[in-house]
Every structure is written in structure tokens, then in C-alpha cells.
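The values are calculated or read from the model by the stated rules, or taken from the named source; none is laboratory data. Quick caveat: nothing in here was measured; it's all calculated off a predicted structure. Positions of Cβ are generated from backbone atoms using ideal geometry, with glycine treated the same way; all protein chains shown enter the neighbour counts. The accessibility values were calculated without ligands, DNA or RNA, using every heavy atom of the protein model including side chains. Shrake-Rupley method; radii C 1.70, N 1.55, O 1.52, S 1.80 Å.
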Amino acid sequence: MLEFSGALNEFPLFLQGAWASILYAVGCLTLGFLLAVMICMARISTVRIASLSARVYINVIRATPLLVVLLIVFNILPFVGVELSPEASALLSLTVCTAGYQAEILRGGFAGVSQGQIEAGRITGMSEWQIFRHIKLPQAFRLTLPALINETTIMIKGTSLISTVGILELTRVAQNVGNSNFRPLEALLIAAALYWLMTTAMTIAGDALIHRYAREKQS
Amino acid sequence: MTNRESAIEIRGLKKSFGKFPVLDDIDLDIPRSAVTCIIGPSGSGKSTLLRCMAFLTDFEAGSILIEGQPLGFVGEGAARRACTNKEINAARERVGFVFQQFNLWPHLTVLENVAMPLRLVNKLSKSEAAGKARKALAKVGLADHVSKYPTFLSGGQQQRVGIARALAQDPHIILFDEPTSALDPELVGEVLQVMRDLAADGMTMVVVTHEMGFASQVADQVVFTDKGVIAAKGSPAEIFGNPDNPRVRSFLANYFERNTIRSRPAGRDVPAAAGQLGWGMPLVEGSGRA
């Protein structure tokens with residue numbers, strides 16, 4: 001029989017762990033988005049070296065498991081003289097991973113903004129940065145929002161991997177509690193329920209945003 | 001050297017796409033407070049010529065002065081260099097552009113489409129920009145549609161937003177690139193009416209158009225382009241009345257042929273079966289076509 005009372009006595013620990021997971025997810029997704037925009041710009045630029053570097057970056061990141069990236073950053077960077085705290089290593093690994101995926105997602109969105117709209121910006125005297133910030137980026141974001149929301153749910157769950165480098169987030173809390181009261185299954189089920197809550201809340205918020213943007217368009 | 005009467009002065013303009021010359025040594029003056037219509041067959045270079053006047057397309061040789069301000073390139077021969085962005089914008093400031101495909105920004109409301117450049121470029125405050133945008137939108141008859149998104153408007157309304165966006169920045173010159181070509185026939189009139197109003201206000205306008213009726217009624221100068229050169233130029237009476245240029249003649253003959261309505265003589269109906277099959281296009285008696 002399942003026996004939850006032991007694990008539930010530690011529920012505040014689970015909430016602290018979930019909160020840490022949320023912080024890492026929000027942090028890596030935000031930093032990752034900014035990095036992704038830059039990588040994406042490089043990827044679609046006509047400067048060959050920029051475009052090529054971005055391609056290599058995206059390819060390498062997409063071919064490497066997040067866990068491997070994490071272990072490389074955590075174990076190998078110190079050998080080349082880069083000392084990062086476990087927290088910084090974790091955030092860095094999550095960020096470089098999601099940035100590669102988000103860059104590739106955004107690329108399709110930028111391709112969806114017509115040249116005519118950009119010319120309309122130029123003729124009114126807008127600078128290239130203003131055109132990017134006020135015409136291209138908002139539309140690329142809207143066009144790729146479903147895929148970006150999917151990426152956020154993947155990364156919320158992806159934060160569980162940083163438990164391997166000793167970060168006390170939800171998965172690590174569940175393991176600790178389960179080990180100490182010899183009821184690992186119950187602890188993990190509680191963690192699973194909390195992950196479900198987080199991703200579902202994210203999906204609902206995302207759907208609300210999609211719904212709001214849909215009012216701009218006649219179907 | 002600058003002709004004080006000219007809003008735009010084009011000298012020796014050359015542009016080619018690969019080996020194919022699109023504009024071949026064009027000289028043209030656009031008079032102030034007048035309407036210049038550019039007509040001509042497809043591929044004759046008329047849209048490219050207009051886009052050069054806003055430097056949306058660059059060119060290989062020649063010069064364009066917007067009210068005396070060089071656009072795109074300065075200097076001649078070896079001293080010729082591309083204008084800086086600042087110089088380009090200094091010349092563009094005087095020019096508004098209306099696109100065939102409207103090119104509104106779909107993620108912004110009608111009001112924001114007009115107000116955003118005023119805020120970002122003309123540095124007006126949010127409320128000043130909104131006020132000015134409302135005024136421009138009222139001028140094109142869209143005061144009641146300011147909070148809608150562009151896709152909820154008809155093509156004619158969208159094009160009027162495009163005109164309001166150009167107008168709001170107080171340009172001295174507005175360039176129109178086939179402004180009614182993407183519209184359903186019954187929506188053309190409302191756009192042309194706004195353009196007539198602007199012409200009556202004394203706006204300097206250059207209009208690339210297939211609307212010969214509009215050109216003949218509103219233009220002060222009609223320019224006919226063919227194969228990258230200005231084949232004919234004159235008043236509407238000179239161009240449409242009795243042109244001596246054979247290319248203009250055949251272009252207009254073809255145009256009027258397509259736009260003349262003739263009734264089909266009675267008793268010459270296409271057989272029902274042919275009509276049902278869809279290949280029975282009724283022939284017009286005396287249409288002049290074999």
C-alpha cells in the first residue's frame with residue numbers, strides 16, 4: 001500500500017524544491033530567449049562567419065543531451081580554469097541548451113515577417129534596431145508561440161537533471177525525502193504531481209496568451 | 001543648379017537586374033504640388049523607378065534629389081559614394097510611400113500602425129502621437145476604426161490606413177505604388193477619392209497606376225515608361241488624347257479594349273451545354289478579336 005503521511009510531513013521541503021525548479025526554469029528560459037534571439041540573428045544574417053557559427057552552435061547543442069552538457073560544464077570547465085558554482089553551472093547549462101532550440105524555433109517566425117512590412121518601417125524612418133524590436137520580434141514571437149510554450153514545458157522538466165550536480169530542486173528533494181523515510185515511490189509521486197501542476201499552469205498561461213493574440217487576426 | 005520648381009529631380013538614373021536593364025538613363029522632374037502619374041506595361045520599370053525615389057531599391061548610376069537633398073548616393077564618377085543612413089533618412093523624411101500590398105503591421109491596431117512611427121521616429125509623446133494619428137485617420141475616413149486590427153478591415157480600408165500612415169508624418173511628397181491594384185473593383189473608388197482629396201490639398205504626388213481614368217482626371221503630368229525608358233511624357237490631354245508615340249497608342253488601345261463594355265447581340269447566346277461545361281466564353285460581336 002502507498003503510505004503518503006511520511007512524505008507529506010515534509011511537504012514544505014517539496015514546495016521549496018518546486019520553487020527552486022521554477023526559478024531555474026524561468027531563469028534559463030529568459031536568458032535562453034535573449035541568447036536565442038542573438039543566435040537566430042546570426043543564423044539568418046548574410047555575414048557568413050556569423051551564420052556558420054550559429055549553425056554549428058545549434059547543431060552541436062541539438063546533438064548533445066542536456067545531461068552531457070551539464071556534466072561537461074560541471075566537471076571539465078574547472079580544468080580549463082573556469083570555476084563556476086554548482087548553481088551557476090546549472091543555470092549556464094540549461095541556458096545554452098534551450099537557446100539552441102529556441103533559436104531554431106524563432107528562425108521560422110522571422111521568416112514569416114514579409115519584406116514589405118520591413119520596407120514600410122524603413123520608409124517611415126525607423127532604424128534597423130527599431131524595425132527589429134517593434135516589427136520583426138513581436139511577430140516572430142506570436143508566430144512561434146505554441147512551439148515556444150512546448151519548449152518551456154520541456155525545460156521545466158529538464159531542470160530535474162541539475163539534481164545530479166547537487167542542486168536542491170524538486171527531484172533532489174524527492175530523492176532525499178524518499179531515502180530518509182524509505183518510501184521513495186510516494187516521494188517521487190508527489191514530485192511528479194508538482195511537475196504536472198507547473199507544466200499545466202504554464203500551458204494554461206500560454207494558451208491564454210495565444211488566445212489573446214488570436215484576437216488580432218480574423219480567422 | 002537645382003530647379004526650384006522640382007520636388008524630385010532625377011538625372012541619368014540607371015538600374016539593372018543582372019544583365020537586364022530595368023531603368024536606362026532616366027531623366028525626370030517631379031513638379032511641386034502636382035500629381036505625376038506613371039503608366040506603362042508590366043515590367044517597363046515604373047515600380048522600380050518609384051521605389052528608387054524612396055531608395056527602397058538602389059541604383060547603379062545617376063542621381064536623385066529630393067527637394068535638393070541627395071538620396072542614396074552623393075557625388076559623381078569616382079567620388080560617388082553611398083549615403084549614410086542618416087543622409088538617407090534626411091531625404092526620406094520628406095517622402096511618404098503607399099504600397100500596393102498595404103504592408104500594414106498586423107500585430108498593431110490601426111491607431112498604432114499610424115502612431116508608432118510618430119513616437120519612434122518623430123519622437124512625439126504617446127498622447128501627441130495618438131492625437132496626430134487620429135487626425136490622419138479621420139482625414140481618410142477611418143475615425144471609427146482606430147482600435148481594430150488590420151485584418152478586420154477591407155482592402156480599401158487597409159489601403160487608407162496605409163495612406164494615413166504616410167500622411168501623419170507630414171511628408172512633402174507621397175509616392176503611390178499601384179495603390180489600387182490589390183483591391184476588389186468595388187473598393188477602388190474609396191481609395192482614389194482619398195487620393196483626389198490629397199491632390200486637391202496641393203500634395204505633391206507620384207502615382208504608379210493602371211487606373212487610366214484617375215490618371216486622365218487628376219494628373220498634371222503623365223509619364224509613360226516602356227522597356228526601361230521614358231517613352232512619352234506630357235499632360236493627360238497629350239498622352240490620352242491623341243498620342244503620337246506608337247507604343248503609347250497600342251498600350252492605350254489594348255487598355256480600352258479590355259475596359260470597354262459592349263452588349264452581346266441578342267440571339268447569339270452560347271449553347272446551354274457549352275455553358276455548363278464551362279468552355280463557352282461568349283464571343284463579343286465586333287470585338288475586333290479573331
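Quick notes on this one:
- Euclidean distance between Cα centres, the stretch A:53-80 to the stretch B:23-68, Å: 54
- Considering only A:Val165, A:Ile123, A:Leu70, the residue lying farthest towards the positive end of the dipole of chain A is A:Ile123, judged by Cα position with unit charges set on Cβ.
- Distance from the Cα centroid of the stretch B:129-187 to that of the stretch A:186-219 is 39 Å (rounded to whole angstrom).
- Which of B:Arg80, A:Arg212 is most accessible, then next, and so on - probe 1.4 Å: A:Arg212, B:Arg80
- Taking a ≥ b ≥ c as the square roots of the eigenvalues of the alpha carbon gyration tensor, the stretch B:9-158 is prolate, as a/c is not under 1.5 and a/b beats b/c.
- Residue by residue, the stretch A:129-140 carries 3J(HN,Hα) couplings of 5, 5, 4, 5, 5, 9, 10, 6, 4, x, 6, 4 Hz when phi is fed to the Karplus relation 6.51 cos²θ - 1.76 cosθ + 1.60 (θ = phi - 60°); x denotes Gly or Pro.
- Taking θ as phi - 60° and the Karplus parameters 6.51, -1.76 and 1.60, the scalar couplings of the stretch B:63-75 work out to 9, 10, 10, 9, 6, x, 8, x, 10, x, 9, 10, x Hz in sequence order, x denoting glycine and proline.
- Ordered from highest to lowest accessible area with the whole protein assembly present and a 1.4 Å probe, A:Lys136, B:Lys233, B:Lys135 read as B:Lys135, B:Lys233, A:Lys136.
- Fully extending the segment from B:Lys86 to B:Asp220, taken as 0.36 nm per residue of separation minus the present Cα-Cα distance, adds 45.0 nm.
- Contact order relative to length of chain B, as percent, for alpha carbon pairs under 8 angstrom and 6 or more apart: 21
- For the stretch B:72-100, no residue has its backbone nitrogen under 13 Å from a point 7 Å from the Cα of B:Lys135, taken along Cα to Cβ.
- With protein chains left intact and a 1.4 Å probe, residues in chain B average 48 Å² of accessible area per residue.
- The Cα atoms of the protein assembly as shown give a gyration tensor whose axes a ≥ b ≥ c have a/c of 1.5 or more with a/b greater than b/c, which makes the shape prolate.
- Legend: mean number of C-beta atoms from other chains within 10 angstrom of residue C-beta atoms, peptide A:126-136, equals 3.
- GluC sites (Glu not before Pro), loop per DSSP, at most 13 other Cβ atoms within 10 Å - longest free stretch of chain B: B:77-284
- In a simple Cβ point-charge model (Lys, Arg +1; Asp, Glu -1; nothing else charged), chain A has a dipole of about 840 debye relative to its Cα centre.
- Stretched out straight at 0.36 nm per residue, the stretch from B:Ala78 to B:Thr260 would grow longer than its current Cα-Cα span by 60.3 nm.
- Long-range amide H partners of B:Lys148 with built H, under 5 Å: B:Val110, B:Leu111
- Contact order normalised by residue count of chain A, Cα under 8 Å, 6+ apart, percent: 30
- On the beta carbon distance between B:Asp58 and A:Thr30, with R0 = 60 Å, the FRET formula returns roughly 0.95.
- Rounded to the nearest 20, the size of the Cβ-charge dipole of the protein assembly as shown about its Cα centre is 260 debye, with Lys and Arg at +1 and Asp and Glu at -1.
- Buried solvent-accessible surface, both chains (A, B), 1.4 Å probe, Å² to nearest 100: 2100
- Comparing B:Met205, B:Met195, B:Met116 in a Gaussian network model of chain B where C-alpha atoms under 10 Å apart are linked, the largest mean-square fluctuation is found at B:Met116.
- Trypsin sites (Lys or Arg not before Pro) restricted to DSSP loop in the stretch B:4-46 with at most 12 other C-beta within 10 Å: B:Arg4, B:Lys19
- Over the protein assembly as shown: helical MRE at 222 nm, DSSP H runs n ≥ 4 each giving -39500 (n - 2.57), nearest 500: -16500 deg cm²/dmol
- Spin-label pair B:Asn242/B:Lys126, simplified geometry with 7 Å Cα→Cβ offset, distance in nm: 6.5
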